[in-house]
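Here's the structure we're looking at; comments come further down.
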Amino acid sequence: MSNIDLDLQEGLYFLPLGGSGEIGMNLNLYCCNGKWLMIDCGISFADDRAPGIDVIVPDAAWIAERSEDLLAIIVTHAHEDHVGAVARLWPQFRCPVYTSPFTAEILSLKLAEEELENEVEVNVIAPGSSVSLGEYHIDFVDLTHSIPEMQALMITTPYGRVLHSGDWKLDPDPVVGPASNLAKMQKVSEAGVLAMICDSTNVFKEGVSGSEQDVQNSLDELLRGIPSGRIAVTTFASNIARLMTIASVAERHDRHVVLVGRSLHRMTQAAKKSGYLNDMPPFLDEKDAGHIPRDKILLLCTGSQGEPRGAMARIARGEHSHVELSPGDTVIFSSKVIPGNEKTLYGLHNQLTESGVNVITEADEFVHVSGHPAREELTDMYRIVKPEIAIPVHGEARHIRAHCELALSLGVKQAIEITNGNILKLAPGKAGIIADVPSGRLAVDAGGLTPLDGEFLLTRRRLVYNGCVSGVVFVNEKGQITEDPIIRLRGVLDETLFPQLQNDLRDQIIDSHNRLKKSEKLDDDEVELSAHNAVRRVFRRLAGRRPITDIYVIRFEEE
């Protein structure tokens with residue numbers, strides 16, 4: 001818990017608790033005269049530093065302590081890194097939520113999973129409309145992204161106006177949903193914008209991110225060259241524009257689209273309830289896949305990042321209940337490789353290739369465009385909004401620094417590098433970071449939320465990389481070891497390579513015990529510590545490892 005006591009009763013402040021200094025897990029806060037507004041509350045996905053963990057959420061304890069001053073959560077769009085943690089963390093806040101119709105549909109599914117659907121007040125705001133909350137007036141502005149109804153937020157306060165961009169791009173032909181409303185963006189910016197808090201993901205990419213319609217044209221041409229065999233396409237389930245693209249292309253090539261993966265069903269149902277995808281032929285269920293001729297089917301699958309439990313990985317392993325691929329079939333990965341997933345994903349590519357399946361990725365063909373702005377689009381947005389201050393978010397340190405440099409080159413007066421936990425005073429006076437508050441990452445585990453750097457996951461990592469040793473030492477009432485200690489190893493080293501290991505462990509434990517004082521031999525804790533250290537010395541010498549070691553002492557009276 002934080003013991004930092006800040007006086008934020010006057011002025012306008014910005015505080016990210018997730019999504020700055022990293023890509024994903026967005027949680028941003030504004031404070032105006034002591035009242036807080038949360039923008040987005042998302043998740044991130046774990047890597048091999050958190051074994052057995054799939055999902056990570058921001059540590060929001062600092063704002064939870066001040067929840068009586070938290071007016072609301074506004075969710076800009078339905079991607080997991082913006083909405084995925086709301087249901088998990090809302091019990092700490094217990095405040096209203098405001099979002100668009102499509103995002104509300106996705107959120108309702110998540111709330112139902114946590115049995116919160118009847119507790120959370122979800123206010124559905126029409127895209128492009130506005131809402132007032134305390135001293136905040138928020139105009140919602142349509143911007144294109146890879147999911148419908150992404151809403152940038154123009155936040156008007158007594159101290160000035162702030163544009164919170166969310167995730168966006170300037171797609172002139174987005175396939176699903178309206179194009180970016182740049183006319184409204186220019187109009188709401190005319191009165192002057194104090195600061196723009198802006199997406200940094202593609203700051204290193206020159207030019208523009210590309211249009212979804214161009215991907216559709218490319219996939220159309222690509223499928224024309226694949227006349228036979230099954231075709232499987234894997235992409236992010238949340239990319240409704242890409243689902244529309246794939247469905248349109250499949251229809252033109254007389255292929256039925258089969259959805260493979262539960263999240264695809266959830267996303268398409270939510271999209272249809274919100275008025276999207278309704279003019280497309282019906283999607284088929286994976287149970288129907290075996291009844292359709294191979295050259296008349298297109299499998300739309302989850303698992304574009306090689307997730308072990310994703311549909312594509314299970315298909316590649318031959319473990320899927322209803323879907324299989326054969327030599328000559330084709331798999332198209334219509335997504336980018338998220339940094340950190342390379343090893344897993346390339347392993348999946350190779351597994352499919354070894355099975356005789358043709359694999360096509362964005363490195364081979366034009367099958368994907370990003371949902372984030374490249375440098376030309378960022379430049380256009382700065383020229384429209386003309387903020388006095390640039391505050392890059394949604395990027396790692398190098399993205400944020402490069403974004404600051406770009407903003408300054410475009411005439412912005414001040415660009416501020418920020419990371420999670422920084423409290424940035426925006427007004428009145430000169431903007432600058434005034435304090436740091438606790439921030440962090442929590443792993444979602446079976447028992448709830450646990451610190452990513454806490455003892456629980458530290459122990460799990462040690463188990464993964466070093467293994468564990470358990471043992472029993474038998475001691476009589478005089479402190480003498482009367483039987484050979486029992487030692488069991490799990491994942492430490494291959495015992496078949498060390499035939500004398502058990503004898504060595506026994507001898508080391510006994511030798512260490514014999515060096516104890518008489519009083520220590522009568523103390524179970526001292527006997528346990530002696531055996532523990534003896535075992536650890538053996539494995540440090542043999543393998544350079546320090547396994548988790550648990551030794552138990554059984555003391556008995558001899559007859």
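Points to keep in mind about this one:
- Qualifying residue in segment 39-62 (condition: without any contact (Cβ under 8 Å) to a residue 12 or more places away in the chain, more than 30 Å from Lys273 (Cα to Cα), not basic (Lys, Arg) and not in a strand (DSSP E or B)): yes
- With respect to the conditions (1) among the small types (Gly, Ala, Ser); (2) within 30 Å of Ile56 (Cβ to Cβ); (3) in contact with a Pro (Cβ under 6 Å, 6 or more places away or on another chain), Gly471 lacks only one, and its number is (2).
- Flag for Glu80 being within 13 Å of Cys41 (Cα to Cα), within 24 Å of the chain's Cα centre (by Cα), surrounded by fewer than 23 Cβ atoms within 10 Å (Cβ to Cβ) and of a type outside the set (Ser, Thr, Tyr): yes
- When residues of segment 528-559 are limited to those that are among the small types (Gly, Ala, Ser) and free of Cβ contacts under 8 Å to residues at least 24 places away in the same chain, the one surrounded by the most Cβ atoms within 10 Å (Cβ to Cβ): Ser530
- Residues of segment 263-300 satisfying the condition of being more than 19 Å from Ala104 (Cα to Cα) and in a helix (DSSP H, G or I): Glu286, Lys287, Asp288, Ala289, Gly290, His291, Arg294, Asp295, Lys296
- From the list Val203, Val260, the one residue that fits, being within 27 Å of the chain's Cα centre (by Cα), in the same structural domain as Ala427 (by TED's automatic domain parsing) and of a type in the set (A, V, I, L, M, F, W, C), is Val203.
- Cβ separations smaller than 8 Å between residues 6+ apart or across chains give the following pairs from segment 466-488 residues that are surrounded by fewer than 19 Cβ atoms within 10 Å (Cβ to Cβ) to residues that are part of a strand (DSSP E or B) and among the hydroxyl-bearing types (Ser, Thr, Tyr): Cys468/Thr549; Ser470/Thr549; Ser470/Tyr552; Val472/Tyr552; Arg488/Ser470.
- Residue within segment 349-372 that is closer than 26 Å to Ile240 by Cα, among the aliphatic types (A, V, I, L, M), in contact with a strand residue (DSSP E or B) (Cβ under 9 Å, 6 or more places away or on another chain) and part of a strand (DSSP E or B) present: yes
- Residue under evaluation His77, criteria (1) over 27 Å from Asn239 (Cα atoms); (2) touching a residue at least 12 places away in the same chain (Cβ under 8 Å); (3) outside any strand (DSSP E or B), criterion not met: (1)
- Ala179 passes every criterion in (1) within 27 Å of Ser370 (Cα to Cα); (2) without any contact (Cβ under 8 Å) to a residue 40 or more places away in the chain; (3) crowded, with 20+ Cβ neighbours inside 10 Å apart from (3).
- Neighbours by Cβ (under 6 Å, 6+ apart or cross-chain): first from segment 246-266, among the aliphatic types (A, V, I, L, M); second surrounded by fewer than 23 Cβ atoms within 10 Å (Cβ to Cβ) and assigned to a loop (DSSP other than H, G, I, E, B): Ala247/Met280; Val257/Phe283; Leu259/Phe283; Val260/Val323
- Considering residues of segment 160-183 that are of a type in the set (A, V, I, L, M, F, W, C) and within 16 Å of Ser200 (Cβ to Cβ) only, the residue nearest to the chain's Cα centre (by Cα): Trp168
- Some residue of segment 516-531 being at positive phi, in contact with a Gly (Cβ under 7 Å, 6 or more places away or on another chain) and not acidic (Asp, Glu): no
- Every residue from segment 310-348 that is basic (Lys, Arg) and either under 16 Å from the mean Cα position of the chain (by Cα) or not in a loop (DSSP other than H, G, I, E, B) (or both): Arg314, Lys336, Lys343
- Odd one out for Thr450 among (1) touching a Phe, Trp or Tyr at 6+ places or on another chain (Cβ under 7 Å); (2) touching a residue at least 12 places away in the same chain (Cβ under 8 Å): (2)
- Residue tally, condition within 25 Å of the chain's Cα centre (by Cα) and farther than 21 Å from Met150 by Cα, over segment 361-397: 6
The values are calculated or read from the model by the stated rules, or taken from the named source; none is laboratory data. The structure displayed is predicted, hence computed values, not measured ones. Quick reminder, even Gly has a Cβ in these numbers, built from the backbone with ideal geometry, and neighbours come from all protein chains shown.
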